[in-house]
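Colleague: Got a structure for you, written out below as structure tokens; questions coming shortly.
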Amino acid sequence: MKLSRGQQGVTQLTMFLHVFFLLLVQAWLTEIHEYAQTDVVIMLLGNKADMSSERAIRRDEGERLAREYSVPFMETSAKTGVNVELAFTAVAKELKHRAVQHPNEPKFQIHEYIESQKEKSGCCSYF
């Protein structure tokens, strides 16, 4: 994208949207923690992994938010499908594990599952 006249406005709009999205995600995560059941499964997804210049929030900011709210984070691409299935599978496995978990059974580790699947598939090499 090449802009010349009024380019400062584009930069200012991008910065505004960036801050807006960060605040929106923080508010959303806060509300979930306040009002949802304690056993709700939350995963923070960063979209447009294939188009880093068009993202509203950088990867490191998504990771920071995920750590702050103790939720898993992964980058996805709706366009290429990268990590989309993995995200849904991880949440489904977590839900299934919670539904059938026995007292002596170890807890399902969603973070570790995601990382092992990414390594196994060799996906996400451009992240």
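Read-outs throughout are calculated quantities, based only on the coordinates presented, and are distinct from any laboratory measurement. Please read these numbers as outputs of a predicted model, since none were measured by experiment. Note: ideal-geometry Cβ built from the backbone for every residue, glycine included; neighbour counts use all protein chains shown.
Colleague: Using DSSP to call loops (not H, G, I, E or B), can you name the trypsin sites (Lys or Arg not before Pro) in the range 62-124 whose Cβ has at most 10 other Cβ atoms within 10 angstrom? Write out the running numbers ahead of the final one.
Modeller: Working: sites: ARG64, ARG67, LYS79, LYS93, LYS96, ARG98, LYS107, LYS118, LYS120; in loops: LYS79, LYS107.
Of the trypsin sites (Lys or Arg not before Pro), the ones in loops of the range 62-124 whose Cβ has at most 10 other Cβ atoms within 10 Å are LYS107.
Colleague: Then there's this: Could you give the nm distance between label points at PHE20 and GLU54, where each point is 7 Å from its Cα heading toward the beta carbon?
Modeller: If labels sit at PHE20 and GLU54, their model points lie 1.8 nm apart.
Colleague: Sticking with this structure for a sec: Which lysines does LYS93 reach when only Cα atoms under 23 Å apart count, and residues fewer than 8 places away in its own chain are ignored?
Modeller: Counting by Cα, and skipping residues close in sequence, LYS93 has these lysines nearby: LYS107, LYS118, LYS120.
Colleague: Another one. Mind checking the full-extension length gain between ASN104 and TYR35? Use 0.36 nm per residue of separation minus the Cα-Cα distance, one decimal, nm.
Modeller: On the way: separation 69, 0.36 × 69 = 24.84 nm, distance 2.92 nm.
Full extension from ASN104 to TYR35 adds 21.9 nm.
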